[in-house]
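Visitor: The following block contains the structure, expressed as structure tokens.
The values are calculated or read from the model by the stated rules, or taken from the named source; none is laboratory data. This structure is a prediction, so every number in the text was calculated from the model and none was measured. Glycine also receives a Cβ, built like all others from the backbone with ideal geometry; neighbour counts cover every protein chain displayed.
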Ligand SMILES: Nc1ncnc2c1ncn2[C@@H]1O[C@H](COP(=O)(O)OP(=O)(O)OP(=O)(O)O)[C@@H](O)[C@H]1O
Ligand SMILES: [Mg+2]
């Protein structure tokens, strides 16, 4: 009975429509510049929410990303017709290759077209906001038959800004910076600037840079476009990739220092990277956050780091005792332990490991916090010994400090041992001090944990240990005087 009713209704509608002239509107996936057509994405989201989608002859079923028992219906891009009604008027949708085709009666279009498209935008935005499913896009090889260069997948990385074990002030500063960015479209336009903001995350390997990027994207509810530079064919290809990103997205280039260092094999030139970061091309599409990671900022060309290309520098240091305690709390569930003073003392001699290394030790020993802490202590001592060996090697080879042979050595006038960087004057004598400098209209600020007192103690501890060793370092004027 229902199938007869369904059949007769379709026939009647078809007959009725055949007495009206219709207008067709095509909505392609990409525009003529191969940029992603936002409306195409909105229409797909909207159609998937229609009851007629669920009743259509073919529907794709996908399991949800966030909840495993969630089933998602996605319309099939076969030759089906999806009816919809809006303001009492009937319209039809269907797929045609990679386009959507909207069919409506010619006499109705003035009355309903623009409000219908606004309705689609509104419903699609509400659905996206509700799902706030962040998607990860990776750039594929440039294959002609592939439609578009980005392949996407739901992004379900569990990290958030709060799970990162870094200075809590730093976290709050980043969050408020991101929040003010989200609300500052008018402000940027009044300055004549593109509404985008760039972050540089720098620090040794395993200090949480990539995890923090995941946290930033989830905080913003922005999709991530992870640019694999090894798959970029050249400067124009990089621009094309940028053109095909959507607004409300984070564009990520990891290990940029390594890429820029490999000048001979890098397909993209330095100027290509500079333009990608802040050239005219970067204004194609707004409401974007760009994030770059490097392991050593000093090796990056300063033109890459100027304000406007990089607005915020965020330092990810190796572990110190306070971040160690945060890791012990999150990984082992302990806030205090009898071995903590021993751990603190080793940190004060200058040993350090990355949060990844310490976290891994704790995870593999999470059944026994004492065993985990003892393993961390051993690992730190091993690291300490390795540091000392490296430092002595450097001092005996780079500086001209030698053993008891008394060979001359050149002390810089300040009495600091050669080969050691003159530590900046804004030293504090204990703990770590964070330096946040606002400069210029770019609001550039650096968020750096400057472990100054600790570095002094580290070097002093190393030298003291060394001077106790059998070889005696011949320091003019007694003890080495470190500049403070
Ligand atoms: N500061 C941190 N807080 C919490 N977890 C961390 C931190 N640093 C590293 N980790 C953990 O260590 C692992 C590696 O972290 P991540 O990949 O973010 O480091 P990275 O800085 O990107 O390293 P690389 O420079 O080698 O890419 C992750 O599982 C992460 O959870
Ligand atoms: Mg990483």
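Visitor: Hand me the list of strands (runs of 3 or more DSSP E) wholly inside the range 1-80 holding 2 or more residues that are within 16 Å of residue 101 (Cβ to Cβ).
Guide: Numbers: elements: 22-28, 59-63, 71-75.
Passing ranges, in order: 22-28.
Visitor: I'm told residue 350 meets every condition in (1) on the phi > 0 side of the Ramachandran plot; (2) within 16 Å of ligand 1 (Cβ to nearest atom); (3) in contact with a helix residue (DSSP H, G or I) (Cβ under 6 Å, 6 or more places away or on another chain) except one. Can you identify the failing condition by its number?
Guide: (2)
Visitor: From the list 268, 273, 304, 291, pick out the single residue that is within 16 Å of ligand 2 (Cβ to nearest atom), surrounded by 20 or more Cβ atoms within 10 Å (Cβ to Cβ) and under 30 Å from residue 193 (Cα atoms). Working first, answer last.
Guide: Working: 268 fails: within 16 Å of ligand 2 (Cβ to nearest atom); 273 fails: within 16 Å of ligand 2 (Cβ to nearest atom); 304 fails: within 16 Å of ligand 2 (Cβ to nearest atom).
Just one listed residue meets the conditions, 291.
Visitor: Do the conditions hold for residue 166, that is, is it under 30 Å from residue 300 (Cα atoms) and either within 16 Å of ligand 2 (Cβ to nearest atom) or part of a loop (DSSP other than H, G, I, E, B) (or both)? Can you show your working first?
Guide: Working: under 30 Å from residue 300 (Cα atoms): yes; either within 16 Å of ligand 2 (Cβ to nearest atom) or part of a loop (DSSP other than H, G, I, E, B) (or both): yes.
Yes.
A quick yes/no check of all residues on (1) without any contact (Cβ under 8 Å) to a residue 24 or more places away in the chain; (2) surrounded by 14 or more Cβ atoms within 10 Å (Cβ to Cβ); (3) within 18 Å of residue 117 (Cα to Cα):
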| residue | (1), (2), (3) |
| --- | --- |
| 16 | yes, no, no |
| 20 | no, no, no |
| 33 | no, no, no |
| 42 | no, yes, yes |
| 54 | yes, no, no |
| 59 | yes, yes, no |
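Visitor: Considering 211, 180, which residue is over 18 Å from residue 158 (Cα atoms) and either modelled with pLDDT of 90 or more or within 16 Å of ligand 1 (Cβ to nearest atom) (or both)? Give the derivation first.
Guide: Working: 211 fails: over 18 Å from residue 158 (Cα atoms).
Of the residues listed, the single one that is over 18 Å from residue 158 (Cα atoms) and either modelled with pLDDT of 90 or more or within 16 Å of ligand 1 (Cβ to nearest atom) (or both) is 180.
Visitor: Considering only residues that are surrounded by 22 or more Cβ atoms within 10 Å (Cβ to Cβ) and more than 23 Å from residue 266 (Cα to Cα), look in the range 198-208 and name the one that is farthest from ligand 1 (Cβ to nearest atom).
Guide: 207
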